[in-house]
Each structure stands twice: as structure tokens, then as C-alpha cells.
Amino acid sequence: MKGVGKFGEVLAGEKGKVSYDEVAARLEKIIRSGSQRKAITDFVCRELRKIPHYTWVGIYVVEGPGLVLASWSGPSATLHTRIPVGQGICGAAMTEKATVIVPDVNKDPRYLQCFINTRSEIVVPLLKDGVPVAEIDIDSDQLDAFTPTDKTFVEWVAQELASVL
Ligand code: SME
């Protein structure tokens, strides 16, 4: 599935305008480049953060009985570099094998706090033959930041990335 021309919306960021499609085009290129896994996941985090309301982006991989942070991009590091099975929004997305969007993290008892400024979060699992192998976790400083376009877009990224992880 091609990402380019799929998402349409243009967003106004600090450094001018950015569209989901131009981010998708760059992601598609690197994901299909044959580069090493860590280089790809680092790039994906950095690139996704160009979307103005994506404040912190991380990729967790399933390792043993939990999730381990493989790559991240954002204003600060998280203390949650390992998340045990079933904990947090990340754990919920793994159990449900489906995207979890939390419009207000302060109202969700499952939420594990990483950053004081986070107001909403989206977690998208990467499935391989129906089994979660990793997750994309995005925190936003904006309340209720994640739209249906974000869900479709990040699910597309997850599907692309799952094919090379
Ligand atoms: N908030 C996540 C934990 C990871 S941090 O957002 C980086 C959760 O509830 O699972």
C-alpha cells in the first residue's frame, strides 16, 4: 500500500507547513531502504515528530515478557524503558492487539505517566501474523490531539514497519 497521496491533510507547524503525505513518503523510502533495524526505527521516530502535535514518539519492541524501548524522539527521555505485560496504555494495546487512543490521560487509570505535560496518547501495535511484535507510542501535549486521520496514518506506518521488523 502506497502512503503518498493517501492522507491529504496539511498541518501548520513551528517551522512551516507539514503534510502527512510528505512524512509518509519519507517513511516509505527509509522503511523500504534495507537499512538496519535500529537505523529505521530511529528515523521513523524523528520523522513522525515532524507532525506538530506529536510531542514524543517511541517504538517499543516485544522482548520476553514485556516491552523494551528501541528508539525514541522527543524533548526528554522516559524512565519507562521497559514496560511489563499488561501495564499502561502500551500494555493495553498489546493485549487488545488494536490501537488505543486516550483523549485525556489524566482520566484513564491505565495510564503510566512519563512526562508531566502529556495530555493525550495513541498506541498502535505492530502485528505479524496477528501477533504483536512492537508498538508505536505517541504522546501529545495537546488534549484530545489524535484524530481519525492520525489513527489511519499511524496504523499505516505500523503496517509498513511490521514488514521489516
Ligand atoms: N504512557 C505509556 C508509557 C510510556 S510513556 O508514554 C513514554 C503507557 O501508559 O503505557
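Structure values in brief
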| item | result |
| --- | --- |
| Lone qualifier among 99, 118, 78 - being more than 12 Å from the ligand (Cβ to nearest atom) and crowded, with 17+ Cβ neighbours inside 10 Å | 99 |
| All positions within region 64-74 that are modelled with pLDDT of 95 or more and either more than 10 Å from the ligand (Cβ to nearest atom) or β-branched (Val, Ile, Thr) (or both) | 68, 70, 71, 73 |
| Failed criterion for residue 93 (all others in (1) free of Cβ contacts under 8 Å to residues at least 12 places away in the same chain; (2) within 11 Å of the ligand (Cβ to nearest atom); (3) outside any loop (DSSP other than H, G, I, E, B); (4) not basic (Lys, Arg) hold) | (1) |
| Members of region 51-90 that are assigned to a loop (DSSP other than H, G, I, E, B), more than 16 Å from residue 145 (Cα to Cα), touching a residue at least 12 places away in the same chain (Cβ under 8 Å) and not hydrophobic (A, V, I, L, M, F, W, C) | 65, 74, 75, 76, 78, 80, 81, 87 |
| Criterion (out of contact with any Leu (no Cβ under 9 Å at 6 or more places or on another chain) and under 17 Å from residue 154 (Cα atoms)) met by exactly one of 51, 59, 30 | 30 |
| Subset of region 102-114 that is more than 7 Å from the ligand (Cβ to nearest atom) and touching a residue at least 40 places away in the same chain (Cβ under 8 Å) - its residue that is nearest to the chain's Cα centre (by Cα) | 103 |
| From the options 61, 68, residue that is β-branched (Val, Ile, Thr) and surrounded by fewer than 17 Cβ atoms within 10 Å (Cβ to Cβ) | 68 |
| From 103, 125, residue being out of contact with any Gly (no Cβ under 8 Å at 6 or more places or on another chain), at pLDDT 95 or above and within 15 Å of residue 41 (Cα to Cα) | 125 |
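The values are calculated or read from the model by the stated rules, or taken from the named source; none is laboratory data. Since this is a predicted model, take the numbers as computed values, not measurements. Don't worry about glycine lacking a Cβ; one is built from the backbone with ideal geometry, like all the others, and counts go over all protein chains shown.
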